[in-house]
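Take a look at the structure below.
We did not get these values from a lab; they are worked out from the coordinates using the rules stated. These numbers were taken from a predicted model, which means no experiment stands behind them. Here the Cβ positions follow ideal geometry from the backbone for every residue, glycine too, while neighbour counts run over all protein chains shown.
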Amino acid sequence: MNIVAIGAHQDDIEIHCLGTLLRYQQQGGHTFTNVTISNGDKGAQFDTSIPYAEIAKTRIGEATKVAEALGGRYICMGQSDEYIRDTDEARNQLVDILREAKADIVFTHPPVDYNTDHITTSQIVFHAVMLSNVKTIFTDHEPLPETPATFYMDSTAGFEWQPSHYVDITPVWEKKVELLNLHESQMQNMLKFGGWDLVKFSRIMGQFRGLQSKVEYAEAFKPVLAWPRVRAGNWLP
Ligand SMILES: [Zn+2]
């Protein structure tokens with residue numbers, strides 16, 4: 001399968017979905033495309049003297065390293081961090097990314113979350129997955145033969161969100177921690193922002209979803225229950 005994960009910021013896929021991507025990687029035979037809509041340029045609360053362009057470059061580098069560890073690639077759509085907008089251009093930009101990747105399955109934020117960047121990302125993805133199959137929407141790549149199966153990841157800290165599907169990430173937990181540590185800037189930023197670094201935050205979420213699903217660590221999802229984004233069969237690892 002061709003797997004496309006789309007987050008608002010450079011650490012979102014990593015927190016909510018990386019263990020699942022690593023489980024797919026263990027299966028073999030899949031391709032990985034990680035996308036963020038923002039450039040992450042507001043991510044230097046740990047040192048506000050860092051210019052926007054510099055922190056964006058750092059974070060793009062960090063997300064690239066994680067994607068490469070999966071054997072995949074990372075694409076930054078370049079919107080301003082904390083000001084993501086659902087525009088015609090953003091929809092078509094993402095439609096073309098999905099077509100070029102020949103996406104079979106897509107992961108993104110749920111429609112409720114703590115940050116409007118996440119909510120807007122969810123909305124852009126919701127629409128773009130459907131448009132990726134529409135033959136009268138013209139981009140650089142051919143329309144997909146089928147709408148990709150689409151899943152929502154967990155909300156930040158699980159607020160207002162009840163997932164229905166759980167992936168056991170216990171076998172890849174240590175690898176997830178190793179790759180989270182590649183986000184050096186956000187390990188510092190999260191500490192300053194919320195008092196938790198990426199590893200601690202992911203550990204609490206992973207154990208909580210693991211408690212619900214009777215494993216040590218889990219990531220949780222819900223299929224996007226809207227036609228034609230639901231596909232028969234078990235798509236999760
Ligand atoms: Zn985020």
Do we find that Asp154 is within 20 Å of Thr121 (Cα to Cα) and either basic (Lys, Arg) or touching a helix residue (DSSP H, G or I) at 6+ places or on another chain (Cβ under 6 Å) (or both) in this structure? yes
So for region 30-48 (the condition being touching a residue at least 60 places away in the same chain (Cβ under 8 Å), within 16 Å of the ligand (Cβ to nearest atom), of a type outside the set (A, V, I, L, M) and within 27 Å of Thr139 (Cα to Cα)), does at least one residue qualify? yes
May I ask you to list the residues in region 197-217 that are more than 28 Å from Ser185 (Cα to Cα) and surrounded by 15 or more Cβ atoms within 10 Å (Cβ to Cβ)? Ser213, Val215
Would a scan of region 78-97 turn up a residue that is away from the ligand (no atom under 14 Å from the Cβ), touching a residue at least 12 places away in the same chain (Cβ under 8 Å), within 15 Å of the chain's Cα centre (by Cα) and assigned to a helix (DSSP H, G or I)? yes
Could you tell me whether Asp41 is in contact with a Ser or Thr (Cβ under 8 Å, 6 or more places away or on another chain) and either more than 17 Å from Met187 (Cα to Cα) or among the hydrophobic types (A, V, I, L, M, F, W, C) (or both)? no
Residue list for region 223-237, restricted to those being over 17 Å from Trp161 (Cβ atoms) and either surrounded by fewer than 16 Cβ atoms within 10 Å (Cβ to Cβ) or out of contact with any helix residue (DSSP H, G or I) (no Cβ under 9 Å at 6 or more places or on another chain) (or both): Trp227, Pro228, Val230, Arg231, Ala232, Gly233, Asn234, Trp235
Within region 135-186, work out how many residues are hydroxyl-bearing (Ser, Thr, Tyr), touching a strand residue (DSSP E or B) at 6+ places or on another chain (Cβ under 8 Å) and closer than 20 Å to Asp96 by Cα. 1
Which of the residues belonging to region 1-20 are within 13 Å of Glu62 (Cβ to Cβ) and more than 9 Å from the ligand (Cβ to nearest atom)? Ile13, Glu14, Leu18
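Looking at this structure, is Ala56 over 16 Å from the mean Cα position of the chain (by Cα) and among the aliphatic types (A, V, I, L, M)?
Considered against the rule, which asks whether it is over 16 Å from the mean Cα position of the chain (by Cα) and among the aliphatic types (A, V, I, L, M), Ala56 comes out as yes.
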